[in-house]
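Peer 1: So that we are looking at the same thing, I have put the structure below in structure tokens.
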Amino acid sequence: MINKNIDIPGIDDNREYDYSNNKTQIRAEYEHILNFVSNNAKVIDLGCGNGSLLELLKEKKNAETYGIELSQSGVDICRAKELNVLHGRIDVKLDFEDKFFDYAISNVTIQMVMYPEVLISEMKRISKYLIISFPNFAFYRNRLDLLINGKMPTSTLFGYKWYDTGHLHQFSINDFLAFIEKREGLKIRNWQFVPNPGGWRSLLMKHFPNLFQVIPIFLLESE
């Protein structure tokens, strides 16, 4: 029998984001994404949340911006900001012409969709450049967590647990590189990461990225 009193996922469950009390945010990835985007570009943010990155792209890069967001609260906030945002999934056939955009962005979202391969394929189809970031599941703290505690790691779940997170696909930088290598017509043009603490820790992150980088940010070019 179904328990009709069970709690519905809400603000403390990232399977169903509620942006009602989070209308603006600044994330560490934004600076690198802005550096990747040229001025006056046409950009779409796939999984744009509350539209904070879109606002920055308009302000700092004079970009023509579009967005798609699954959370209705996120869509409502974006529209209140007069942003051009659609409500819907991003891992499906998108209703845009080939190479309609200069840049397609998926910021810390690809691990949360059902079909990441479809998302990347559509990003490649509709844009010249792809900007993709994600939590690196091979981060050393995750490895230690599994080795020592024998439990699902939480370092890259950002406060959530295995049962209340929307992170469907836990993958590493090496997994992503292998995936891109098998996709024709995609080349990696640049690669940054956050956090960037400087000093010897940054050197470790650069020389051993799959072990020490938390969130890599890739700029890819579609041919």
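Bear in mind that the values in this text are calculations on the coordinates, not laboratory data. This one's a predicted model, so the numbers in the text were calculated from it and none came from an experiment. Reconstructed Cβ throughout: ideal geometry from the backbone, glycine too, with neighbour counts over all protein chains shown.
Peer 1: Below 23 Å, Cα to Cα, which lysines can Lys81 reach? Residues fewer than 8 away in the same chain don't count.
Peer 2: In chain and number order, the partners are Lys23, Lys42, Lys58, Lys60, Lys61.
Peer 1: Next up: What nm distance separates the two modelled labels at Ser202 and Ser155, each placed 7 Å from Cα along Cα→Cβ?
Peer 2: With each label point 7 Å from Cα toward Cβ, the separation is 2.1 nm.
Peer 1: Could you name the lysines whose alpha carbon sits less than 24 Å from that of Lys161, not counting residues in the same chain fewer than 8 places away?
Peer 2: Cross-link targets: Lys4, Lys151.
Peer 1: Let me ask something additional. What 222 nm value per residue comes from the helices of the chain, counting each DSSP H run with n ≥ 4 as -39,500 (n - 2.57) and dividing by all residues, nearest 500 deg cm²/dmol?
Peer 2: -8000 deg cm²/dmol
Peer 1: Taking only C-alpha pairs under 8 Å that are 6+ residues apart, what is the relative contact order of the chain in percent?
Peer 2: 19
Peer 1: Let's test the formula: R0 of 35 Å, r as the Cβ-Cβ distance of Ile148 and Trp191. What FRET efficiency results, to the nearest 0.05?
Peer 2: 0.70
Peer 1: Fewest to most neighbouring Cβ within 10 Å: what's the order for Thr65, Thr165, Thr24?
Peer 2: Thr24, Thr165, Thr65
Peer 1: Now for a different question. Could you name the aspartates and glutamates in cross-link range of Lys182, using Cα to Cα under 12 Å and dropping any fewer than eight places away on the same chain?
Peer 2: Glu117
Peer 1: Please list, in chain and number order, the residues 5+ apart from Tyr19 or on another chain whose amide H is under 5 Å from its amide H, with Hs placed from the backbone.
Peer 2: Long-range HN contacts for Tyr19: Ser73, Gly74.
Peer 1: Then there is this: Taking θ as phi - 60°, what are the ³J(HN,Hα) couplings along the range 122-133 by the Karplus curve (6.51, -1.76, 1.60), each to the nearest whole Hz, with x for Gly and Pro?
Peer 2: 6, 4, 5, 5, 8, 9, 7, 10, 10, 10, 10, 10
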